[in-house]
Amino acid sequence: MNSKQRVMEIADTPTSWESGKLGRDKKYAVAASKELGDQIDDALGLQMISIRLDKELIDTFKLLGDKYQMAYQPLMREALRRFVDDELKIMALETLQKQSAARSKLKDEKQRPRKEKVSKAA
């Protein structure tokens with residue numbers, strides 16, 4: 001291989017990668033070492049867990065993953081993240097509504113005229 005061919009191959013690498021000419025064969029795949037995997041997980045803030053899910057649910061996530069061009073596990077992480085974010089927003093809104101109601105009640109109590117206590121003389 002001469003240097004001109006090598007330059008063309010490097011220049012064409014992104015196209016070859018995206019089209020599947022490079023990198024989709026198992027012979028090119030190598031599992032990362034445990035240490036490297038742990039470093040990657042730490043850097044991304046990920047923790048491995050074990051969970052049992054309905055096969056139908058997993059198949060649906062795989063189908064959606066194909067639609068959105070992403071693997072089903074990151075898609076599940078995104079779905080869980082969205083759910084948690086929405087739940088936290090609902091909780092925050094409920095808390096704000098309770099605080100607002102308490103403030104209104106306190107304001108109403110302050111504005112009401114106080115009844116004077118009448119003491120009986122003995």
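The numbers here are math on the coordinates, done by the rules we state, and not lab data. Computed from a prediction, not measured in an experiment: that's the story for all the values here. Don't worry about glycine lacking a Cβ; one is built from the backbone with ideal geometry, like all the others, and counts go over all protein chains shown.
Odds and ends about this structure:
- Computed from label points 7 Å out along Cα-Cβ, the spacing between GLU35 and SER100 is 5.6 nm.
- Given charges at Cβ of Lys, Arg, Asp, Glu: the stretch 52-111 dipole, positive-most of PHE61, SER100, PHE83: SER100
- Sorted fewest first by neighbouring Cβ atoms within 10 angstrom, PHE83, PHE61 come out as PHE83, PHE61.
- Cα pair distances exceeding 15 angstrom across the stretch 52-111, given as percent: 66 percent
- For the listed residue pairs LYS67/LYS89; LYS55/LYS89; LYS27/LYS62; LYS21/LYS67, the alpha carbons are over 26 angstrom apart in LYS67/LYS89; LYS55/LYS89.
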